[in-house]
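Here's the structure, in structure tokens; my notes come after.
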Amino acid sequence: MNFLYPEHFEMKTFTFTLAFIILSFLVWGQFREAKVTDHLMNKAEIYPVKNPEINEWIKSEKSIIGNVFTDEIVGNTIYDLQTLNSIQQRIYTYPDGTIGLTWMMGFEEGSWSDRGTGYNYFNSFEWNDYPLYIVEQESTGWPCYAPLGEGGEIVVSFYYSSNEWYLVFNKREVKGEGDWESFYLFGPDGYGISNPAMITNGPNHTCIHLLANTRGQEYLNQGRALLYYCSMDSGETWDIEHYFFEELGSEFFSWIPDDSYSWASPKGDTLAFSVGFLSEHGFIMKSFDNGESWDQILVYENPYAPYQGGTTPVFGAGDITQSVALDSQGKAHMVFGRMKYYYNAQGTQYYFPATEGLIYWNEDMEPLDTTMVSSFTLEHLIENGNLVGWVIPNMGDSTLLGWGQYYVSLTSFPQINIDEQDRVFILYSGAAAGFEVGSKNFRHIYGNSSNDGGLTWNGITDCNTDLIYVYTENVFPAMSPTFYGNKIHFFFQSDNAPGMHVWTNEHDPENNSIVYMNLDTYLFTGSENYIHTKSETGTLVNYPNPFDKTTYFNIDLLTDSHILLEIFDLQGKPVRTEVMGWMSKGSHRIKLDRGALNNGIYFFSIQTNEKVSSGKMIVH
């Protein structure tokens with residue numbers, strides 16, 4: 001087998017070539033990283049949080065302090081590229097409390113001949129052991145997962161060999177047990193298909209809806225086109241095959257890049273998916289008759305698309321990572337990462353890797369344009385209520401030393417879902433100011449939520465404040481569309497080095513953990529008690545830091561609580577414990593003397609009523 005792996009693509013210092021664009025659209029010119037000048041490495045570009053007293057829809061950040069959560073490593077992988085862009089549905093929490101979860105898994109470094117779908121199952125009491133083998137019988141990529149039938153499940157991925165691309169399905173009648181039954185789907189005559197996105201609906205989830213990219217020569221004047229497929233009988237036959245969306249044709253898109261589309265979880269016969277959001281347009285396609293007909297909804301319009309040649313000014317657009325959801329009325333809500341681009345006279349496209357900003361939009365809003373997305377500031381997004389994610393300052397400073405390359409913005413890989421109360425929940429992977437190793441900052445998983453359907457937002461939550469996560473690279477979050485037990489259920493990939501081995505070759509191959517986590521929804525919505533730290537960060541902070549003799553922690557307690565302060569060394573070994581006793585609700589200032597602590601870096605945690613907040617401090 002000869003697989004085309006992203007790690008074989010060319011890379012240049014500060015002019016990284018976005019390789020999947022080069023291979024797929026050579027006549028369009030090269031897509032390069034614009035030089036990161038000094039002002040792009042500090043708060044002038046990593047934009048500070050706006051004053052919440054002026055912009056009331058932005059609330060102050062809170063950490064998961066006093067969090068009620070469950071987390072567990074459910075699998076691993078050395079192959080660490082989970083998607084090129086958007087993350088498709090990979091986890092589903094069932095009404096009986098069971099969970100099916102899939103990810104890209106591979107261990108044969110170099111050849112990746114064992115690359116395919118990793119799968120684990122939660123039986124409502126415990127997870128299975130880590131899988132040793134992929135689901136498929138052949139090496140595949142980019143899985144999607146969905147319920148199927150009365151109690152079954154289905155996985156789809158794609159296979160490539162000798163210029164032949166097709167989709168590989170594996171299904172079984174009972175989730176979590178039994179043998180997988182394989183079947184295949186091929187593209188139009190003379191064309192392959194790849195990078196599937198799949199959802200199911202209908203009676204007992206027997207209706208499969210599928211999007212896939214074409215492979216091979218141009219398809220209807222596009223370098224790659226997006227095709228739609230529908231099966232009403234669990235994949236036995238296909239009622240709709242190779243459906244081409246005229247509304248997404250060459251008039252709007254030079255090509256449809258891999259993973260530049262994302263399904264919403266269906267609401268009855270109402271379907272929706274987002275598409276685009278790179279340097280061209282961004283649309284939501286919507287169907288009210290289960291895929292028989294489609295309406296085009298403009299979200300973002302770019303005056304330079306399709307590109308006609310020549311130099312352009314720097315313009316704001318999307319970074320191609322996106323997610324969409326439907327509320328109880330069938331209204332579409334979506335989020336996508338913000339990015340800046342320009343073309344030079346030779347047709348080479350550049351992007352700015354220091355761009356931040358997670359953009360929210362729903363159907364009640366006017367379409368966005370380059371002015372609203374904005375090239376150099378976040379002002380328009382804030383004023384219009386579109387900004388829901390950014391780089392969180394650390395002790396008032398959002399400066400970053402550097403970051404791992406994913407060819408996306410600093411706030412990207414979003415997930416959005418909406419519960420039965422029409423509360424909106426968002427997750428994304430963002431650069432974490434103040435958490436770095438060497439010359440690069442780590443990424444954390446962050447969340448935001450809205451209790452009123454996107455009118456106002458509750459503030460950003462750092463999901464990686466636990467000591468085992470604060471100094472790890474946490475990326476590629478995937479969230480279940482269902483909210484079992486009043487919790488959000490999601491997973492992410494975590495390792496000890498910023499960036500990737502696959503594709504960007506930023507570090508040696510190493511084991512990556514697949515971490516499942518669930519969090520009570522009130523941690524996002526604020527409807528229950530939590531400790532609020534007097535800081536702008538997603539973690540508890542002390543001041544001064546670094547310190548020589550004494551430092552202080554400021555906390556607010558919403559209930560009377562027992563307080564325990566613990567100090568750990570870099571290996572996680574406890575070196576000091578301070579029992580602070582009971583404290584009444586309200587504001588408190590906790591004093592910590594240096595004592596016998598040697599010079600160095602330490603972790604600390606403050607626990608109250610079985611709830612923990614953590615952070616980092618330096619003694620000198």
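The values are calculated or read from the model by the stated rules, or taken from the named source; none is laboratory data. Note that the structure is a prediction, hence the values are computed from the model and not measured. In this analysis, Cβ positions are derived from the backbone assuming ideal geometry, glycine residues included, and neighbour counts consider all displayed protein chains.
Remarks
- Candidate set: region 313-342, residues that are hydroxyl-bearing (Ser, Thr, Tyr) and surrounded by fewer than 19 Cβ atoms within 10 Å (Cβ to Cβ); chosen: the one farthest from residue 454 (Cα to Cα): 342
- Meets criteria (hydroxyl-bearing (Ser, Thr, Tyr) and surrounded by fewer than 24 Cβ atoms within 10 Å (Cβ to Cβ)) for residue 243: yes
- Residue within region 302-312 that is touching a residue at least 12 places away in the same chain (Cβ under 8 Å), closer than 18 Å to residue 349 by Cβ and aromatic (Phe, Trp, Tyr) present: yes
- Residue match in region 572-579 (condition: assigned to a loop (DSSP other than H, G, I, E, B), touching a residue at least 24 places away in the same chain (Cβ under 8 Å), more than 17 Å from residue 549 (Cα to Cα) and under 34 Å from the mean Cα position of the chain (by Cα)): yes
- Cβ pairs under 7 Å, 6+ apart, first in region 214-239 and free of Cβ contacts under 8 Å to residues at least 24 places away in the same chain, second not in a loop (DSSP other than H, G, I, E, B): 237/231; 239/230; 239/231
- Test: residue in region 586-597 that is crowded, with 18+ Cβ neighbours inside 10 Å, of a type outside the set (Asp, Glu), within 30 Å of residue 76 (Cα to Cα) and at pLDDT 75 or above: no
- Against the criterion of being more than 30 Å from residue 509 (Cβ to Cβ), of a type in the set (Phe, Trp, Tyr) and not in a strand (DSSP E or B), residue 107 does not qualify.
- Just one of the listed residues (315, 252, 244, 288) is touching a residue at least 40 places away in the same chain (Cβ under 8 Å) and touching a Leu at 6+ places or on another chain (Cβ under 9 Å), namely 288.
- Listing of strands (runs of 3 or more DSSP E) fully contained in region 435-516 that carry 3 or more residues being touching a Ser or Thr at 6+ places or on another chain (Cβ under 7 Å), closer than 25 Å to residue 128 by Cα and not polar (S, T, N, Q): 473-479, 487-495
- In region 193-213, the count of residues that are more than 26 Å from residue 108 (Cα to Cα), of a type in the set (S, T, N, Q), buried (at least 24 other Cβ atoms within 10 Å of the Cβ) and free of Cβ contacts under 8 Å to residues at least 40 places away in the same chain is zero.
- In region 272-294, the residue that is farthest from residue 367 (Cα to Cα) out of those that are assigned to a strand (DSSP E or B) and touching an Asp or Glu at 6+ places or on another chain (Cβ under 9 Å) is 287.
- Residue that is of a type in the set (Ser, Thr, Tyr) and modelled with pLDDT of 95 or more, where the choices are 398, 412: 412
- Considered as a group, the residues in region 154-178 that are in contact with a strand residue (DSSP E or B) (Cβ under 6 Å, 6 or more places away or on another chain) and either of a type in the set (Lys, Arg) or in contact (Cβ under 8 Å) with a residue 60 or more places away in the chain (or both) include one that is farthest from residue 197 (Cα to Cα), and that residue is 176.
- Only one of the listed residues (138, 153) is over 25 Å from the mean Cα position of the chain (by Cα) and either modelled with pLDDT under 95 or not aliphatic (A, V, I, L, M) (or both). That residue is 138.
- Condition met for residue 79 (more than 22 Å from residue 405 (Cβ to Cβ) and either assigned by TED's automatic domain parsing to the domain that holds residue 487 or over 20 Å from the mean Cα position of the chain (by Cα) (or both)): no
- Residue count for region 228-271, restricted to those that are farther than 15 Å from residue 291 by Cβ and in a strand (DSSP E or B): 1.
- Hits in region 373-428 - residues which are part of a strand (DSSP E or B), more than 23 Å from residue 341 (Cα to Cα) and not β-branched (Val, Ile, Thr): 394, 397, 415, 417, 425, 427
- Which listed residue, of 355, 371, is farther than 30 Å from residue 482 by Cα and either without any contact (Cβ under 8 Å) to a residue 24 or more places away in the chain or surrounded by fewer than 24 Cβ atoms within 10 Å (Cβ to Cβ) (or both): 371
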